[in-house]
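Input: a single structure, listed below in structure tokens.
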Amino acid sequence: MKISDKVRSDIAEILAGKTAHDEHRLTMLREVESALKNKAIDKREVLTNTEEVQILTTLMKQREESVESSTKEGRSQLVEKNRLEIGIIGNYLSQASSEQDFRRLVQGAIAHLQEDARGVRPGPKDMGTALQVAQQWIRAAGLSVDGKMVSEMVKAELEK
């Protein structure tokens with residue numbers, strides 16, 4: 001089931017009274033649905049699973065940045081609200097794969113680059129290219145990408 005379909009289904013369940021009516025959750029799901037619809041309208045096509053994951057990842061990163069700034073400002077209510085929203089969005093992202101899954105994809109991407117370079121193993125100087133290919137592989141697998149974590153993995157693999 002696509003993320004957008006699951007979100008619509010959950011909104012309908014809340015409104016039909018089949019699940020607990022949590023106003024904040026309903027508002028957040030409507031915001032997610034709106035972001036997905038707006039992107040589909042801009043694109044003028046149905047979104048792929050990868051594009052839906054990217055949109056939710058963006059929404060989550062916005063909340064994480066808000067948590068950081070609100071924490072610095074001492075706004076505990078806003079911090080709590082954003083953490084709750086992160087949890088709601090996180091439920092719709094594919095469960096973050098274990099670090100091993102990411103590492104396996106990164107290693108596969110680097111091996112692919114090695115094949116393209118006729119057996120010459122990429123080194124630290126190839127960081128940008130390797131990172132770009134690794135992120136493409138991860139997105140193609142339908143996983144959300146934590147750029148910092150992937151960057152660290154690619155760097156570690158290239159230094160081996």
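Structure notes:
- Folded to 0 to 90 degrees: helix 127-140 orientation relative to the chain principal axis, Cα: 50
- The angle between the Cα long axis of helix 49-73 and the main principal axis of the chain comes to about 70°, on a 0 to 90 degree scale.
- N49 paired with N91, simple spin-label distance in nm, labels 7 Å along Cα-to-beta-carbon: 2.1
- Pairs from K18/K72; K39/K125; K37/K155; K37/K72; K37/K81; K43/K125 whose Cα-Cα separation, in the structure shown, is over 30 Å: K18/K72; K39/K125; K37/K155; K37/K72; K43/K125
- With contacts taken as Cα pairs under 8 Å at a separation of at least 6 residues, the stretch 14-160 carries a relative contact order of 22 percent.
- Counting every C-alpha pair in the stretch 99-158, the share spaced more than 18 angstrom apart comes to 22%.
- Here the Kirkwood formula, the inverse mean of 1/r across different C-alpha pairs, assigns the chain a hydrodynamic radius of 17.7 Å.
- Fully extended contour minus Cα-Cα distance, from E13 to A140, at 0.36 nm per residue: 42.6 nm
- In this label model, K2 and T71 are separated by 3.6 nm, measuring between points 7 Å along each Cα→Cβ vector.
- D_trans [Stokes-Einstein, Kirkwood Rh over alpha-carbon pairs] for the stretch 3-92, 10 °C, 1.306 mPa s, µm² s⁻¹: 114
- Relative to the longest principal axis of the Cα atoms of the chain, the long axis of helix 99-116 lies at roughly 40 degrees.
- Ellipticity at 222 nm from helices only: DSSP H runs of n ≥ 4 in the chain, each -39500 (n - 2.57), divided by the residue count, give -25500 deg cm²/dmol.
- Length-normalised contact order of the stretch 99-158 in % [C-alpha pairs under 8 Å, at least 6 apart]: 41
No value in this document is a laboratory result; all are computed from the given coordinates. Since the model is a prediction, treat every value here as computed from it, not as a measurement. Note that each Cβ is placed from the backbone with ideal geometry, even for glycine, and that neighbours are counted across all protein chains shown.
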